[in-house]
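Written below as structure tokens is the structure these notes are about.
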Amino acid sequence: MNELIKNENNDIMDIYRKSENILNDVQNIIETSQRKAYHAVDAILVQRNWLIGYRIAEEELQGEDRAEYGTNVIKMLSKELTLKYGKGYDRSNLYHYLRFYKAFPEIIDTVCRQSHIRLSWSHYRILAQVLDSVARNWYEKEAYEQTWSVRTLQRNINTQYYYRILQSQDKELVEQEMKQKTSAYQGDKLEYIKNPVIAEFLGLSSNIDLTETELEASIISNIQKFLMELGKGYAFVARQQHIKTEKEDYFIDLVFYNYILKCFVLIDLKTDKITHQDVGQMDMYIRMYDELKKSADDNPTLGIVLCTETDEDIARYSILHGNEQLFASKYKLYLPTEEELRNEIETQKTLFYLQQQEKSM
């Protein structure tokens, strides 16, 4: 979402401009209306989250031991709200709302009921993590004026962009480097569609299958069937499983449990050649899964990264931390070989392209 909320009150009729190309005109109408709808919803979402944080902070002040009392209030709210409204109100999110209010206590004037919201909730959630109030206000101002996407903001905070600008004698050089390194983040017109927070806010599914390519969706569907047909102890657990951390939302393509090996098997599919970053991401998924999902009786989680560009790196089995030597040979007995995976992907690619040809005839 790159236009942020600075035009949230403009009617799309005011923005419409006719050109000589009807296709471009209609595409612009559709994309503009999508963005406007998203901005309207997101502005209300920011107000809601600020007010929840404001109300929790008020309640927190009433307790003698404020920190402990506040923790108990959030624990109670999380339990009751999750039962009624779903997972968007767990303790982690409620703490985000409280932190947001404390970081931006004056963004909404409760007396005259006016708001000064300029960014999306995803932006503010990231900004609330910046403890230095001067730096936080600078990032907010720049994100608004330069229309930074959420990913651009996150990267700039992670790379200490404010402090580098402050200390640099050649500020323009630092700025140009930042723009170059974040240019790919700024061009994602559909970033707003992929935000699971909005889906949860509206009571919709947070599944993001619609943002995957048809090819990737086709292969994933059939890899799921392929592994189930292999037998060897596989039980299907989830598709596009949502894992949330303090900073990010992650979605694992496929999750299985192998009851012979007694371990979870995670599968992530990439639409191009595998990279070391893909392997590193899978290693992170595994560690998260071991911490959040695995029970004491389960063996270490296993991750497989698949790519649609076939080469010697078609499959990567993550480094097995813990009982590596003991279980490595057992994993090989019950997992598909690289050749089996390679052949299955090539088969599904061929079938997919044949289906596309038939549709176009």
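Quick one: count up the residues across region 230-267 that are out of contact with any helix residue (DSSP H, G or I) (no Cβ under 9 Å at 6 or more places or on another chain) and either within 20 Å of residue 343 (Cα to Cα) or β-branched (Val, Ile, Thr) (or both).
So the count comes out to 2.
List the number of the failed condition for residue 81; all other conditions in (1) assigned to a helix (DSSP H, G or I); (2) in contact (Cβ under 8 Å) with a residue 60 or more places away in the chain; (3) open to solvent by 20 Å² or more (accessible area, probe 1.4 Å) hold.
With (1) assigned to a helix (DSSP H, G or I); (2) in contact (Cβ under 8 Å) with a residue 60 or more places away in the chain; (3) open to solvent by 20 Å² or more (accessible area, probe 1.4 Å) applied to residue 81, the lone miss is (2).
Would you point out the residue of region 25-62, among those that are within 23 Å of the chain's Cα centre (by Cα) and among the basic types (Lys, Arg), that is modelled with the lowest pLDDT?
Top of the filtered list is 35.
Return the residues of region 61-76 that are in contact with a helix residue (DSSP H, G or I) (Cβ under 7 Å, 6 or more places away or on another chain) and either surrounded by fewer than 18 Cβ atoms within 10 Å (Cβ to Cβ) or in contact (Cβ under 8 Å) with a residue 60 or more places away in the chain (or both); say none if nothing qualifies.
First pass over region 61-76, keeping only residues in contact with a helix residue (DSSP H, G or I) (Cβ under 7 Å, 6 or more places away or on another chain): 63, 66, 69-70, 73-75.
Listed by number, the residues that qualify are 63, 66, 69, 75.
Can you tell me which condition residue 167 does not meet? The list is (1) farther than 23 Å from residue 39 by Cβ; (2) under 24 Å from the mean Cα position of the chain (by Cα), and all the others hold.
Residue 167 satisfies all of (1) farther than 23 Å from residue 39 by Cβ; (2) under 24 Å from the mean Cα position of the chain (by Cα) except (2).
Out of all the residues in region 105-112, is one or more in contact (Cβ under 8 Å) with a residue 12 or more places away in the chain and assigned to a helix (DSSP H, G or I)?
No, region 105-112 contains no residue that is in contact (Cβ under 8 Å) with a residue 12 or more places away in the chain and assigned to a helix (DSSP H, G or I).
Within region 97-118, take every residue that is open to solvent by less than 40 Å² (accessible area, probe 1.4 Å) and at pLDDT below 90 and give me the one that is nearest to the chain's Cα centre (by Cα).
First pass over region 97-118, keeping only residues open to solvent by less than 40 Å² (accessible area, probe 1.4 Å): 97-98, 100, 103-104, 107-108, 117.
Still in the running and at pLDDT below 90: 107-108, 117.
Working: 107: 26, 108: 27, 117: 22 Å.
Step by step, filter region 97-118, then rank; the result is 117.
Would you be able to tell me the number of residues in region 261-292 that are within 24 Å of residue 231 (Cβ to Cβ), over 18 Å from the mean Cα position of the chain (by Cα) and at pLDDT below 85?
1
Quick check on region 219-229: of everything there that is touching a residue at least 40 places away in the same chain (Cβ under 8 Å) and closer than 12 Å to residue 336 by Cα, which residue is surrounded by the fewest Cβ atoms within 10 Å (Cβ to Cβ)? Please lay out each step first, then the result.
If we filter region 219-229 for residues that are touching a residue at least 40 places away in the same chain (Cβ under 8 Å), which is where we start, we get 219-220, 222-223, 226-227.
With the extra rule that they be closer than 12 Å to residue 336 by Cα, the set shrinks to 223, 226-227.
Details: 223: 21, 226: 19, 227: 23.
Filtering region 219-229 for residues that are touching a residue at least 40 places away in the same chain (Cβ under 8 Å) and closer than 12 Å to residue 336 by Cα, the one surrounded by the fewest Cβ atoms within 10 Å (Cβ to Cβ) comes out as 226.
Would you list the helices (runs of 4 or more DSSP H) that sit entirely within region 119-214 and hold 1 or more residues that are modelled with pLDDT under 65 and open to solvent by less than 90 Å² (accessible area, probe 1.4 Å)? Outline the logic, then answer.
Details: elements: 121-127, 133-145, 150-158, 161-167, 171-186, 196-201.
Qualifying helices (runs of 4 or more DSSP H): 196-201.
The values are calculated or read from the model by the stated rules, or taken from the named source; none is laboratory data. Because the structure is a prediction, the values reported are computed rather than measured. Note: ideal-geometry Cβ built from the backbone for every residue, glycine included; neighbour counts use all protein chains shown. Areas reflect the complete protein model, heavy atoms only, side chains present, ligands, DNA and RNA absent. Shrake-Rupley method; radii C 1.70, N 1.55, O 1.52, S 1.80 Å.
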